[in-house]
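S.K.: Below you will find the structure I want to go over with you.
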Amino acid sequence: MGSELSLFAPETPSRSEDEIIRAQVVVSEPLNVLDYRVPNALKDALAVGVPVKVPLGKRKTRGYVAALVPGPAPDGIRLKDVAEIDAERPKVPAALLELILFSARYYHVPPGELLSAALPASARVASARYALTEEGTRVLSNNDVKDRDQALLELASRFPKGFTVAACERD
């Protein structure tokens with residue numbers, strides 16, 4: 001029974017520390033797939049569909065691992081490291097990422113442009129929840145901030161269970 005199909009993805013084998021692994025990441029930007037070096041600390045944690053934070057220029061952006069490729073970058077290219085796993089976002093199925101990449105090729109658009117449209121609401125940046133901290137509550141009660149900061153704190157205080165940016169826009 002040498003070539004049986006499995007319904008389950010094969011387990012990711014553990015990797016040696018000296019093996020270079022590149023993560024191909026679909027970022028939440030209108031860009032193509034970008035390659036990043038996987039640091040040793042993340043080698044066993046990364047898999048297709050895992051949300052990550054990666055450097056992009058002088059800032060960090062969010063994305064999803066679309067593939068893990070063994071080997072170094074091509075000559076003359078210096079890869080930046082995957083910064084960290086994005087614990088605020090859920091993992092997405094590999095099939096969804098495959099669909100995004102197929103659609104991007106088919107429609108000739110960057111996969112990053114399709115990413116936010118294809119993601120479930122809980123994985124979108126706009127659905128991140130914020131809450132007023134104890135320090136914010138203290139500052140609000142003391143009225144010792146600028147008027148616009150006071151207005152923001154008052155808005156946040158109207159959502160005791162936390163809020164999203166979209167909820168503030170509706171309010």
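The values are calculated or read from the model by the stated rules, or taken from the named source; none is laboratory data. Here the structure is a predicted model, which is why all the values come from computation and not from measurement. Neighbour counts are summed over all protein chains in view; Cβ atoms, including those assigned to glycine, are modelled from backbone coordinates with ideal geometry. Note: areas computed on protein heavy atoms with side chains; ligands, DNA, RNA excluded. Shrake-Rupley method; radii C 1.70, N 1.55, O 1.52, S 1.80 Å.
S.K.: How far apart, in nanometres, would the label points at Ala118 and Asp147 be if each is projected 7 angstrom from Cα along the Cα-to-Cβ direction?
M.R.: In this crude label model, Ala118 to Asp147 measures out at 4.8 nm.
S.K.: Here's something else I'd like to know. All other residues with a Cβ under 13 Å from the Cβ of Val27 taken together, and with Lys, Arg as +1 and Asp, Glu as -1, what is their net charge?
M.R.: Net local charge, Val27 excluded: +2.
S.K.: So, one more: For the range 53-100, give the percent of accessible area contributed by carbon and sulfur heavy atoms, probe 1.4 Å, rounded to a whole number. Walk me through the numbers on the way to the answer.
M.R.: Values: 1660 of 2890 Å².
Carbon and sulfur together cover 57 percent of it.
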